[in-house]
Amino acid sequence: MSRPTSPLLTLLNHHDRWVVLTGAGISARSGIPTYRDAKGTWLRTEPIQHGEFLQQEAKRQRYWGRSLIGWPGVRDAQPNDIHHALADLEQQGLIDLIITQNVDRLHQRAGSNKVIDLHGRLDRVLCRDCGAGYEREEIQQHLQRLNPHYAGFTAQARPDGDADLDDHQVASVKVADCLACGGVLMPDVVFFGGSVPRERVESCKRALRSSEALLVLGSSLQVYSGYRFCKEAKQLGIPLYIVNEGVTRADDLADLKIEHDAMEIFLAAAHDYAQAVTGINV
């Protein structure tokens, strides 16, 4: 007996051009923890704010010390079945753009090409003074040379390459400065309290205006930078479909919300769509 057609599969067949907005619930399946629980409650310590990072040496010390321990967890994470399913749907011509709130680059590593990293990318570091750019792994090696006492040290993983270090441990961390000018290094990500570059937002809006549907996948939408596209979709008269295991900020805007077994329902729908269109299993 064949399984019944899911509402999501019906929608994948109905709309030809999709924009997909993804969040931490996608990367959780790759072992990268999320910031919030299913109720949208914040689970972590207070994040470092953009201004604090730039103005306070102690905050930079906290960031780079914790990142020294936490970065390998992001570096070594592998794309999961959801990343691969989205890459296949893009290849089949269904997805015009993935807007991801994640900074781990797992969509690109899975083969997606039409991706905007809304909050930047953790694998790149920029100097705030001279503009020099570095691979994050290069800075990791520099941090390890500066902090040999942390060789082999492990801690519980946190979102976005963070890790647990107590205040005493943080106080002994030596911060890596720009190798070119000695200036302040900052990961190429949008910190809390920072702003997404305007051109990045406009690129997302252009894609949304030419799309037929917006799919939110694995995000609570608590941060306005992602939520804004749900509001934009409704203003444009574009249907909004949310697939997320927990409440979201845009639940009252959604034309369809799938919550229970959300990720499995998405994967099943993507699999069945691919089979119907190409005969190839996702």
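Going by amide H atoms built from the backbone, whose H comes under 5 Å of the H on V190, apart from near neighbours? For V190, the qualifying residues are G120. For S210 and E259, what is the calculated FRET efficiency with R₀ set at 25 Å and r taken between the beta-carbons, to the nearest 0.05? Here the calculated transfer efficiency is 0.30. Inter-part distance, the range 99-152 to the range 164-185, computed on C-alpha centroids, equals 16 Å.
When the Cα convex hull of the range 191-261 is projected onto planes of every orientation, the mean area is 5.0 nm². By the Cα gyration tensor, the chain has an equivalent ellipsoid whose semi-axes, rounded to whole angstrom, run 36, 19, 17 from largest to smallest. The long axis of helix 262-278 is offset from the longest Cα principal axis of the chain by roughly 60 degrees. Farthest towards the positive end of the charge dipole of the chain, among the residues I32, L9, G194, is the Cα of G194, using unit charges on the Cβ of Lys, Arg, Asp and Glu. Using a Debye calculation, one point per C-alpha and no hydration shell, please list log10 I(q)/I(0) for the range 66-225 at q = 0.13, 0.14, 0.15, 0.20 Å⁻¹ in order. Those come out to -0.72, -0.82, -0.92, -1.37, one per q. Of all DSSP-defined beta bridges confined to the range 7-278, some 30% are antiparallel rather than parallel.
Axis of helix 81-91 versus longest Cα principal axis of the chain: the two differ by about 60°, to the nearest ten degrees. Helix content alone sets the calculated 222 nm mean residue ellipticity of the chain: runs of n ≥ 4 DSSP H residues at -39500 (n - 2.57) each, divided across all residues, give -11500 deg cm²/dmol. Across q = 0.17, 0.23 Å⁻¹, the range 48-100 modelled as identical point scatterers on its alpha-carbon atoms has Debye log10 I(q)/I(0) values of -0.71, -0.84, in the order of the q list. Over the range 7-278, Cα pairs under 8 Å with separation of 6+ residues give a relative contact order of 27 percent. In sequence order, the range 205-210 has phi-based couplings of 5, 4, 5, 5, 5, 9 Hz under the Karplus curve 6.51 cos²θ - 1.76 cosθ + 1.60, θ = phi - 60°, and Gly or Pro positions carry x. Against the chain, whose longest principal axis comes from its Cα atoms, helix 224-236 is set at around 30 degrees. For the range 213-282, applying the loop criterion from DSSP together with a ceiling of 12 other beta carbons within 10 Å to the chymotrypsin sites (Phe, Trp or Tyr not before Pro) yields no site. Between H168 and L236, the contour length at 0.36 nm per residue exceeds the Cα-Cα span by 19.3 nm. Taking 0.36 nm per residue of separation and subtracting the current Cα-Cα distance, fully stretching the chain between Q49 and L146 would add 32.4 nm.
Placing unit charges on each Cβ (+1 for Lys and Arg, -1 for Asp and Glu) gives the chain a dipole about its Cα centre, and among L214, G111, F153 the Cα reaching farthest toward its positive end belongs to L214.
We did not get these values from a lab; they are worked out from the coordinates using the rules stated. Small disclaimer: the values here were computed from a predicted structure and weren't measured. Cβ sites come from the backbone with ideal geometry, for glycine too, and all protein chains shown count toward neighbours.
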